[in-house]
Amino acid sequence: MLGIWLLLWGSVALSGRADTAFLHRAHDSSGHCTYSFTVASPVEAACPEDAGGVPELRAELAALAARLSRLESRERGMGGSGPRGAEPGGARDPQQVASTARMEAAYGELLRAKHRRFEGQRPGTEPPEGGRSRQGGEGGWLSPRSRCVLDPAAAPRWEPQPLAYQELQSERTEVPVSRLLEETALGRPGKEDSAGCGQLVWVGEPVVFGRADSIAGKYGVWMKDPEPVPPFTRDNTWRVDTVGTEVRQLFQYEEAEQLARGYPAKVYILPRPLESTGAVIYRGGLFFQPRHSRSVARYDLRGETITAEREIPGAGYHGQYPYSWGGYTDIDLAVDEMGLWVIYSTEKARGAIVLSKLDPETLEIRRTWETNIRKRGVANSFLICGTLYTVSSYSAPNATVNFAYDTATGTSRALSIPFENRFRYLSMLDYNPAERQLFAWDSFNMVTYPVRLSRA
């Protein structure tokens, strides 16, 4: 124990502080010699050292401590072991025992009086009877905290203030490997890529925005304009229920939340009925396939008239080359970062997907690509950054994005990106480049899918 106390005392001395440490030596009740020390608090200046009566109390305490030491020495010389007990077989002078008890009582009372001056007589902080420390020394030490504690029992251990270091803490969190893979460079674009292009590497779980409330909404299409023109904004949401022979109603909502409540702000009546779920909204116009035709038309939302219409040469229609789910999905329009596209097939292509880039004002075909992906063999398709992606199944809960065709290189490749059909009947799927999400219609439900792109 001596080595420990001396080490601590030496540490205080070496800390470079101006505070003084005092070493005390005394015997405990069993006669063992113990050592303790007193350290001035770093905030000792906050204690009322010069309050009335404190110097006098200190003088009395010192005198009493000296007298007690003499009495204990004299008692040990007569065979005792201290004021609280005697060695077996030893004799004690009753007068001295009584004198020692009185001295201890007076000493303890003075300690309590001094303690009340410093602590305001707070409960639970009085020194124990006799005023001794746990180590047997007379008196206590000042706590390094902002209050003055005289009793060691009230401050069971010495806790020095930090000197020239700060304790650091670290935490470890377990993360699934799948999540780490999603957020690596292979699965999550960096900030520099968030506004640019890349390859699709991940499709998240679907989020439901609304649900159709009649049989006419089992199949449908819902959209937002990625490049709106005034008075429309990106918050405006559009919807068409496509079950029926005369589909002419286009519903406009101020925002997606209004779509969820089912209260449209306006209903447009199209001059010609549309066919299937291949329509898109782009630059203030609705682009759709008029019923029983291989044409594509543009309906201006401000003027509420058809401003352009063009036939797609050789395109199959009304059930010739649909997606695997059917629904007369022969001609499918799409929008991505590159502009407006039309997805279809022809007799010449023998049912393979043909892709053409369109002028959004005149609907003139700018360029055409013929892929090696059979249109009837996939459930749906969409474009991101000039690359066509297809989905393997419209009803399997654990489908995949299974093919990609890159128009920049004219090559296709197989993929296996998980894709969830939560409601088991995917009838529409389009990409919105402004929101970086897929919009889908899945058996009465209007949902979105978050996506991630790799570095280009």
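The values are calculated or read from the model by the stated rules, or taken from the named source; none is laboratory data. Quick caveat, the model's predicted, so the values are computed rather than measured. In this analysis, Cβ positions are derived from the backbone assuming ideal geometry, glycine residues included, and neighbour counts consider all displayed protein chains. For accessibility, only protein heavy atoms count, side chains too; no ligands or nucleic acids. Shrake-Rupley method; radii C 1.70, N 1.55, O 1.52, S 1.80 Å.
Remarks
- Evaluation of L259 against (1) at pLDDT below 95; (2) open to solvent by less than 10 Å² (accessible area, probe 1.4 Å); (3) in contact with an Asp or Glu (Cβ under 7 Å, 6 or more places away or on another chain) (one fails), failing number: (3)
- Test: residue in the range 244-255 that is farther than 29 Å from M338 by Cα, modelled with pLDDT under 95 and of a type in the set (D, E): yes
- If you go through the range 202-219 and keep only what is in contact (Cβ under 8 Å) with a residue 40 or more places away in the chain and part of a loop (DSSP other than H, G, I, E, B), you end up with G204, E205, P206, A212, D213, K218, Y219.
- Of all residues making up the range 427-447, the number that are over 15 Å from R211 (Cβ atoms) and either without any contact (Cβ under 8 Å) to a residue 40 or more places away in the chain or not acidic (D, E) (or both): 8
- Test: residue in the range 220-235 that is open to solvent by 30 Å² or more (accessible area, probe 1.4 Å), in contact (Cβ under 8 Å) with a residue 24 or more places away in the chain, of a type outside the set (G, A, S) and under 24 Å from P397 (Cβ atoms): no
- Taken as a whole, the range 269-277 holds at least one residue that is over 21 Å from L438 (Cβ atoms), in a strand (DSSP E or B), open to solvent by 20 Å² or more (accessible area, probe 1.4 Å) and modelled with pLDDT of 95 or more.
- Among the residues of the range 306-314, none qualifies, meaning not one is under 30 Å from L453 (Cα atoms), modelled with pLDDT of 95 or more and open to solvent by 10 Å² or more (accessible area, probe 1.4 Å).
- Failed criterion for F423 (all others in (1) in a strand (DSSP E or B); (2) open to solvent by 40 Å² or more (accessible area, probe 1.4 Å) hold): (1)
- Of the numbered criteria (1) farther than 26 Å from E435 by Cα; (2) open to solvent by less than 20 Å² (accessible area, probe 1.4 Å); (3) among the small types (G, A, S), the one G285 fails is (1).
- Strands (runs of 3 or more DSSP E) enclosed by the range 326-394 - at least 3 residues per element that are closer than 19 Å to R413 by Cβ: 352-358, 365-374, 380-384, 387-391
- Every residue from the range 426-436 that is buried (at least 19 other Cβ atoms within 10 Å of the Cβ) and under 18 Å from G386 (Cβ atoms): L429, D430, Y431, N432
- Here G339 fulfils each of the conditions (1) under 42 Å from the mean Cα position of the chain (by Cα); (2) within 23 Å of N445 (Cβ to Cβ) apart from (2).
- Matching residues in the range 368-385 - criterion: being in contact (Cβ under 8 Å) with a residue 24 or more places away in the chain and surrounded by fewer than 19 Cβ atoms within 10 Å (Cβ to Cβ): W369, N372, R376, G377
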